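The values are calculated or read from the model by the stated rules, or taken from the named source; none is laboratory data. Treat the numbers as computed from the prediction; the structure is a model and nothing was measured. Because the Cβ atoms are built from the backbone with ideal geometry, glycine has one as well, and the counts that use them run over all protein chains shown.
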Amino acid sequence: MKLVPLFVLCFTLLLSACDNEPRARQATFYAFGTEIDVSLYDVDETVANNTIDILEQSFSDVNTTWHAWRPSTLTDINKAISAGESIAITDDVAQLITLATKFANDSQNLFNPAAGKLFELWGFHQDNWFESHPPPNETDINLWRAKTPTMNDIQIESNQLSSTNPMVKLGFGGFAKGFAVDAAIAALRQQGIHNAIVNIGGDLRAIGSHGERPWVIGIRHPRQSGMIASIVLKGDESVFTSGDYERFFQYDGKRYTHILDPRTGQPADQVRSVTVLHHNASLADAAATALFVAGDDWPTIARSMGVDFVMLVRSDGEIEMSPKMTDRVKLLSKQEPVIIRPLRVANHS
């Protein structure tokens, strides 16, 4: 889902203001196959230009390391796993895999970066994923499900990574953007910048404010033009959304979304979009995917992952929110009454 900035007009006015007034400076570049917008407030031109160069390189490095099908560190790791071999990894790579494993376990593996072969079966690990093609057959899906690959099948010892499950294939599409945004915010702070937004294809993290005004973002309606809601951000927060319409293909009149349920091997279909608000972009990114897959059980998974702010649009258009999210979201279009669903602990009985 695209998050539509509501502050663009303000930026335009500031840029034409007097030289001694604070300015908002914007830059756009591309990585992860999408547009990245960076907005910096109250930063001089030299610092802004140097910072943008640093951020562009940072995003490029993450993209190069974690690309799922073009040659990358990730494809090298997957080749080693497929061959039953171990491979040396750096501390940074180990850190990301460890963090992804934690999120996967907290989500009861609904966020499952080890499911790369399943995404490959569906044709989403290629550049032309959007072209019409038949869905995979049930036999191939069931063979994958029989091995139930998860992040717990990954072993890392002395910076050597290995796995004994040949169905493991890592892919971090539901997580790498958030990780990259967190790294970008850390880089901004190292440059002494405390008021900024980093927006990657509609998902973002904002720090500080826009002068005396807070950052305000809009969330696009999943089925109509325009926005469904707005959120006023407070200090340091991320907003990430998973939707059923950004990546999909159609075959014989049926639409297949790229968000797959690892329990069934099929596209998740209970939800149109899930928006998560959290200070950590990595967690917000992973949680949005997991809660989309969870469907009706999203309050349990949200509680397990430590996420308090959730807005979900069901497949029938009905809106559900966590109690805390109702205090933060302003719906902008006429809707059915919002269903408030308290977060709950899983019942293991």
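Key figures
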read-out	value
In the range 133-147, the residues that are within 12 Å of residue 264 (Cα to Cα) and out of contact with any helix residue (DSSP H, G or I) (no Cβ under 8 Å at 6 or more places or on another chain)	138, 142, 143, 145, 146
Within the range 312-349, considering residues that are without any contact (Cβ under 8 Å) to a residue 12 or more places away in the chain and within 26 Å of residue 216 (Cα to Cα), the one nearest to the chain's Cα centre (by Cα)	327
Criterion (touching a helix residue (DSSP H, G or I) at 6+ places or on another chain (Cβ under 6 Å), aromatic (Phe, Trp, Tyr) and in contact (Cβ under 8 Å) with a residue 24 or more places away in the chain) met by exactly one of 119, 130, 124, 111	111
Conditions (1) of a type in the set (A, V, I, L, M); (2) under 26 Å from residue 31 (Cβ atoms); (3) in contact with a Ser or Thr (Cβ under 7 Å, 6 or more places away or on another chain); (4) modelled with pLDDT under 95: number failed by residue 228	(2)
Filter result (in contact with a Phe, Trp or Tyr (Cβ under 6 Å, 6 or more places away or on another chain) and under 16 Å from residue 108 (Cβ atoms)) within the range 275-293	286, 288, 289, 290, 291
Residue in the range 275-292 that is in contact with a Pro (Cβ under 6 Å, 6 or more places away or on another chain) and either of a type in the set (Lys, Arg) or more than 14 Å from residue 112 (Cα to Cα) (or both) present	no
The listed residue being under 19 Å from residue 56 (Cβ atoms), among the aromatic types (Phe, Trp, Tyr), at pLDDT 90 or above and in a helix (DSSP H, G or I), out of 179, 119	179
Exclusive hit being over 20 Å from residue 31 (Cβ atoms), buried (at least 20 other Cβ atoms within 10 Å of the Cβ), among the polar types (S, T, N, Q) and in contact (Cβ under 8 Å) with a residue 60 or more places away in the chain, set 163, 209	163
Residue, modelled with the lowest pLDDT, within the range 133-171, restricted to residues that are touching a Phe, Trp or Tyr at 6+ places or on another chain (Cβ under 7 Å) and under 18 Å from residue 261 (Cβ atoms)	135
Verdict on residue 84 being in contact (Cβ under 8 Å) with a residue 40 or more places away in the chain, outside any helix (DSSP H, G or I) and touching a Phe, Trp or Tyr at 6+ places or on another chain (Cβ under 6 Å)	no
Residues of the range 32-78 satisfying the condition of being of a type in the set (Gly, Ala, Ser), farther than 30 Å from residue 161 by Cβ and at pLDDT 90 or above	39
Residue 224 being more than 23 Å from residue 44 (Cβ to Cβ), surrounded by fewer than 20 Cβ atoms within 10 Å (Cβ to Cβ), among the polar types (S, T, N, Q) and not assigned by TED's automatic domain parsing to the domain that holds residue 249	no
Residue list for the range 66-78, filter: within 17 Å of residue 200 (Cα to Cα) and either assigned by TED's automatic domain parsing to the domain that holds residue 91 or in a helix (DSSP H, G or I) (or both)	66
First in the range 229-256 and at positive phi, second anywhere and modelled with pLDDT of 85 or more and surrounded by 14 or more Cβ atoms within 10 Å (Cβ to Cβ), Cβ under 8 Å, 6 or more apart	235/207; 235/208; 235/209
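Condition check ((1) in a helix (DSSP H, G or I); (2) under 12 Å from the mean Cα position of the chain (by Cα); (3) surrounded by 24 or more Cβ atoms within 10 Å (Cβ to Cβ)) across all residues:
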{"site": "276", "(1), (2), (3)": "no, yes, yes"}
{"site": "282", "(1), (2), (3)": "yes, yes, yes"}
{"site": "286", "(1), (2), (3)": "yes, yes, yes"}
{"site": "290", "(1), (2), (3)": "yes, yes, yes"}
{"site": "295", "(1), (2), (3)": "yes, no, no"}
{"site": "302", "(1), (2), (3)": "yes, no, yes"}
{"site": "307", "(1), (2), (3)": "no, no, yes"}
{"site": "310", "(1), (2), (3)": "no, no, yes"}
